[in-house]
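Colleague: Take this structure, written in structure tokens, and hold onto it; I'll ask about it next.
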Amino acid sequence: MNQIQVNKGRIKWVDAAKGMAILLVVYGHALEGTHANIQFNNLAYEYQHGLIYSFHMPLFFLLSGYFINSWLHRPAGVAIKQKVVSLLVPYVVWSILQGALMVVMHSKSTVNHGWKTLLLIPIEPLDQFWFIYAMFFGLMIIYFLWRWTHRVIPAILISLIVILLTSNNQVWQFQNIAIATFYLGAGYYFKNNIGQMFLTNRWWFRGALILFIMFFSIAFFYMSELLVNPLFKIVLAFLGSYVIMEMAQVIQPYWLVFLGRNSLEIYVSHWIFLAGSRTILIHFGILNAGVLVGVTTVIGVLLPIVLYEVLKKLTLSRLFFGR
């Protein structure tokens with residue numbers, strides 16, 4: 001497989017992997033929304049949904065952890081401000097926009113939220129925004145533990161313990177934050193200790209792909225209790241993430257790398273375009289599941305980028321997206 005390519009401070013394969021990950025996120029949400037509206041084949045839905053959700057968010061955390069080394073060395077004020085701007089600003093803005101739209105369009109939405117939901121945004125993330133919320137606090141935990149110990153292992157071990165303790169009892173956002181901390185720390189450790197031993201290795205890739213499909217399929221069809229086992233979920237997440245990371249070593253078309261570089265903008269705003277386009281299509285009698293999922297996925301990926309470019313030209317992108 002090809003060597004790592006760096007362009008203007010970015011690693012090309014990481015952007016390609018983020019591109020694959022954001023496509024899976026949007027496709028997964030398009031799948032959920034379509035299934036909620038028209039109830040298509042349950043087995044096909046559940047298998048795809050389970051497969052995607054077994055690793056796509058851990059993958060994002062792992063890839064984000066890949067780049068935190070220089071950030072960890074910054075003064076606390078600078079480090080915190082950077083993440084407030086890049087994460088909390090889009091979290092608050094898009095949570096309010098999406099939440100308000102959900103309230104107004106509650107009869108058309110697949111979820112039901114009231115105005116109280118908006119007031120709880122500081123302590124209770126709305127739907128997919130749990131990821132941004134957990135990312136911020138996970139980074140803060142790693143930052144201060146690393147500044148104290150100069151090691152990332154304590155953050156990984158503590159977060160793993162919290163994941164195991166909260167696997168059957170979700171208290172506030174502790175488990176989500178622990179998940180973020182664990183995979184962010186693992187991404188950092190992977191890059192700085194063992195990354196190149198495994199990346200660009202065809203045999204590791206083939207083995208991981210076979211194990212991932214085999215483990216998930218056995219659990220899905222025969223041992224469903226494994227799918228809620230926290231340790232099994234971690235194994236699946238690492239296998240699935242590694243498969244994508246290896247694929248990204250050789251699959252690097254410009255459009256995929258571009259999606260990866262704009263993955264945050266797509267993530268925070270795609271739901272609005274997904275829900276809106278799906279509502280319009282169903283209104284005009286388009287009820288084919290494949291068409292609905294395919295069209296809304298494309299719209300959910302492209303329109304956030306168009307919006308970002310427009311806001312950037314209007315010098316408003318920093319207000320909405322933190323950059």
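The values are calculated or read from the model by the stated rules, or taken from the named source; none is laboratory data. Computed from a predicted model, the values in this text were never measured in an experiment. No Cβ is skipped: glycine too gets one built from the backbone with ideal geometry, and neighbour counts run over all protein chains shown.
Colleague: If you go through region 144-167 one residue at a time, do you hit one that is surrounded by 19 or more Cβ atoms within 10 Å (Cβ to Cβ), over 23 Å from Lys191 (Cβ atoms) and touching a residue at least 40 places away in the same chain (Cβ under 8 Å)?
Modeller: Among the residues of region 144-167, not one is surrounded by 19 or more Cβ atoms within 10 Å (Cβ to Cβ), over 23 Å from Lys191 (Cβ atoms) and touching a residue at least 40 places away in the same chain (Cβ under 8 Å), which makes the answer no.
Colleague: For the condition at pLDDT below 95, surrounded by 15 or more Cβ atoms within 10 Å (Cβ to Cβ) and not aromatic (Phe, Trp, Tyr), what is the one hit in Ile282, Ile299?
Modeller: Every option except Ile282 fails the conditions.
Colleague: Name every residue in region 213-228 that is touching a residue at least 60 places away in the same chain (Cβ under 8 Å), in contact with a helix residue (DSSP H, G or I) (Cβ under 9 Å, 6 or more places away or on another chain) and surrounded by fewer than 19 Cβ atoms within 10 Å (Cβ to Cβ), in order of residue number.
Modeller: Residues satisfying the conditions are Phe220, Leu227.
Colleague: So, one more: Within region 249-323, which helices (runs of 4 or more DSSP H) (wholly inside it) include 3 or more residues that are farther than 30 Å from Tyr45 by Cβ and free of Cβ contacts under 8 Å to residues at least 12 places away in the same chain?
Modeller: Of the helices (runs of 4 or more DSSP H) lying wholly inside region 249-323, those with at least 3 residues that are farther than 30 Å from Tyr45 by Cβ and free of Cβ contacts under 8 Å to residues at least 12 places away in the same chain span 289-313.
Colleague: Pairs please, first residue from region 107-128 and within 27 Å of Ile38 (Cα to Cα), second anywhere and at pLDDT below 75, Cβ atoms under 9 Å, 6+ apart in sequence or on different chains.
Modeller: As it stands, the answer is Asn112/His106; His113/His106; Gly114/His106; Leu126/His113; Asp127/Val111; Asp127/His113, since those pairs meet every condition given.
Colleague: Hey, another quick one. Scanning region 178-212 for residues that are touching a residue at least 24 places away in the same chain (Cβ under 8 Å) and surrounded by fewer than 14 Cβ atoms within 10 Å (Cβ to Cβ), which turns out nearest to Leu51 (Cα to Cα)?
Modeller: Checked region 178-212; the qualifying residue nearest to Leu51 (Cα to Cα) is Arg202.
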